[in-house]
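What follows is a single structure, written as structure tokens, with notes after it.
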Amino acid sequence: MWDERVTGYDFGPGHPMDPVRLVLTRDLVRAFGLDPALRLVAAPPAGESTLRLVHDADYVAAVRKASQEPASVAAAYSAYASYGLGTEDNPVFPGMHEVSALIAGQSVAAAEAVWRGDVAHAVNFAGGLHHAMPGSAAGFCVYNDAALAVARLLELGVERVAYVDVDVHHGDGVQTAFWDDPRVLTISLHEHPSSLFPHTGWPQETGGPAAEGGAVNVALPPGTGDAGWLRAFHSVVPELLSAFRPQVLVSQHGADTHVEDPLAHLAVTLDAQRMVAEACHALAHEHAQGRWVALGGGGYAVTDVVPRAWTHLVAIAAGAPLAPEAAVPEEWRHEVYARTRRPAPLRMTDGREPRWTGFEEAGYDPADRLDQAVLATRRAVFPLHGLLP
Ligand SMILES: [Zn+2]
């Protein structure tokens, strides 16, 4: 999914969510010659009735008004702040409603195309805005395109949707939207809430009374690297998907788990991020007849990390995966320098070959902090799915 205008999602100079990350990703996909393997689609923006599948009417009205008259927001600061608008994280800008609805429209159309069977897989790397709440903006996210894609699938009659979120931040908005809905399984792996925004995502958050076990949270210790991150993913996600039997997999691939990311404290490399994208692809085939909607998300190392991570994601979804050792095309490296005055990475790898073992093969170490985190999650939710913790 790509419409050039999504790059208008711009909170202004100095904000970490720099739209250059989208431009550079799009251009790296093109530079690798992946376009012939893709069907490029620009979908229309999500309309009012679609936005209302997740969002409250008064919140959408506030976004529209702020978007039309950004100058009015300062005068009514506290009214807008109650909607999460006009804050340091989510400053308002002209056209904010339109571009946020456009990004949401791409994710909703991706979900529709996958469910109709037009395509097996669809990617919207401009999406994954997982912090937006039904009634407020949060964490750089205005409309929750991920939740809207899931909600649209439910509206179309899908009975079970799995949402897997590997952004370094908790997928709180999506979890909230489907907290008490047994049709949706949300799984989020993220840095521990005690050290990172949004300070939720404890293993004990497991869903509402009608959907116990429908929310799954893995709270990773700061400093977790490739082996631990992959171990956590593989010791939680596949078994739950096998038990839940989703008809569609929606995944969120925030690239801010990376060791170079300026806003968080995990130590994951591009190589593990690529492996998790491949794992999601394989899991969609194994458990959801291949139906896979992949979204972007956070990621604030905008030249070194995000474009490479999401180009791998697009290539995997296109059935044309790129070798990790592939050289980054020269023309793209020139573009990076021209746009950012920073050197671009040389290869599609960080030079690691991550190895991991799962709980199944190797057992676990009760004294290890990563294993404790994984165990806390398994103990909280596995029995609710008929699985042994
Ligand atoms: Zn994030």
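Some points to look at:
- When the helices of the chain are scored as -39500 (n - 2.57) per DSSP H run of n ≥ 4 and the total is divided over every residue, the value at 222 nm lands at -12000 deg cm²/dmol.
- For segment 7-125, the dipole from Cβ point charges (+1 on Lys and Arg, -1 on Asp and Glu) about the Cα centre works out to 280 debye, to the nearest 20.
- Rounded, prolate or oblate (a/c below 1.5 giving rounded, otherwise prolate when a/b exceeds b/c) for segment 171-315 by Cα gyration tensor: oblate
- Using the Cβ of HIS285 as centre and a radius below 12 Å, the other residues enclosed give a net charge of -1, where K and R count +1 and D and E count -1.
- Charge dipole magnitude, Cβ of K and R +1, D and E -1 - the chain, Cα centre, debye nearest 20: 400 debye
- Top of LEU156, LEU24, LEU370 by mean-square fluctuation, Gaussian network on the chain, Cα under 10 Å: LEU156
- Prolate/oblate/rounded label for the chain (Cα gyration tensor, a/c 1.5): rounded
- Here the Gaussian network model covers the chain, with springs between Cα atoms less than 10 Å apart; of ARG231, ARG116, ARG152, ARG116 fluctuates the most.
- Taking the chain as a Gaussian network of alpha-carbon nodes connected by springs under 10 Å, the highest mean-square fluctuation of the residues HIS190, HIS312, HIS287 belongs to HIS287.
- Taking the DSSP beta bridges with both ends in the chain, the antiparallel portion is around 10 percent.
- Stretching the chain fully between HIS285 and ARG52 yields a gain of 80.8 nm (0.36 nm per residue, less the alpha carbon separation).
- Length released on extending from ALA37 to LEU387, taking residue separation times 0.36 nm less the Cα-Cα span: 122.1 nm
- Look at the dipole of the chain built from charges on Cβ: of ALA66, TRP332, VAL150, the Cα furthest out on the positive end belongs to TRP332.
- A run of the chain free of exposed loop cleavage sites, with GluC sites (Glu not before Pro) counted only in DSSP states other than H, G, I, E and B and at most 10 other beta carbons within 10 Å, reaches its longest extent at 89-324.
- Total charge dipole magnitude, segment 147-276, about the Cα centre, Cβ charges on Lys, Arg, Asp, Glu only, Debye to nearest 20: 340 debye
- Shape of segment 1-109, Cα gyration tensor, a/c cut at 1.5: oblate
- A dipole drawn for the chain from +1 and -1 charges on Cβ atoms has a positive end, and of LEU295, SER235, GLN175 the residue lying farthest that way is LEU295.
Each reported figure results from applying straightforward, stated rules to the coordinates on display, with no laboratory input. Because the structure is a prediction, the values reported are computed rather than measured. We place every Cβ from the backbone using ideal geometry, glycine too, and count neighbours over all the protein chains shown.
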